[in-house]
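The values are calculated or read from the model by the stated rules, or taken from the named source; none is laboratory data. Keep in mind that what you see is a predicted model, and the values were worked out from it rather than measured. Cβ placement follows ideal geometry from the backbone for every residue including glycine, while neighbour counts extend to all protein chains displayed. Please note that ligands, DNA and RNA were not included when accessible areas were found on the heavy atoms of the full protein model with its side chains. Shrake-Rupley method; radii C 1.70, N 1.55, O 1.52, S 1.80 Å.
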Amino acid sequence: IWEEVNPLSAGLMWTVKMEKGEFLGKARLAEYQDAGAALTLVGIGSPTRAVPRQHYEIRIAGQAAGFVTSGTYSPTLGAPIGMG
């Protein structure tokens, strides 16, 4: 979570209690809620054995669709995975 990827974008608003009083970043998060998420964080897989790396471009059907925020090799799945 950072400026571009906030709890709203990451689908983590269930962890934020907006009604519980003031906290650092509350006003900005309220603005994001009103405007809607500019980004949506999703899980991704890699079609190769290459691990997705931060800031790599994500493409869908040849079109730029976003960027990788993190990636690693999943021993459970036996494949590279990431978030973007």
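Of the residues GLY43, GLY11, the single one that is at pLDDT 90 or above and either open to solvent by 40 Å² or more (accessible area, probe 1.4 Å) or among the basic types (Lys, Arg) (or both) is GLY43.
The single condition among (1) open to solvent by 70 Å² or more (accessible area, probe 1.4 Å); (2) at pLDDT below 90; (3) aliphatic (A, V, I, L, M) that LEU77 does not satisfy is (2).
If you check GLY21, GLY82, GLY62, GLY36 for being surrounded by 10 or more Cβ atoms within 10 Å (Cβ to Cβ) and without any contact (Cβ under 8 Å) to a residue 60 or more places away in the chain, only one passes: GLY82.
Conditions (1) in a strand (DSSP E or B); (2) under 19 Å from the mean Cα position of the chain (by Cα), marked per residue:
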{"position": "GLY11", "(1), (2)": "no, yes"}
{"position": "PHE23", "(1), (2)": "no, no"}
{"position": "ARG53", "(1), (2)": "no, yes"}
{"position": "GLY66", "(1), (2)": "yes, yes"}
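Taking the conditions (1) assigned to a loop (DSSP other than H, G, I, E, B); (2) open to solvent by less than 100 Å² (accessible area, probe 1.4 Å); (3) of a type in the set (A, V, I, L, M, F, W, C) in turn, ILE1 satisfies each one other than (2).
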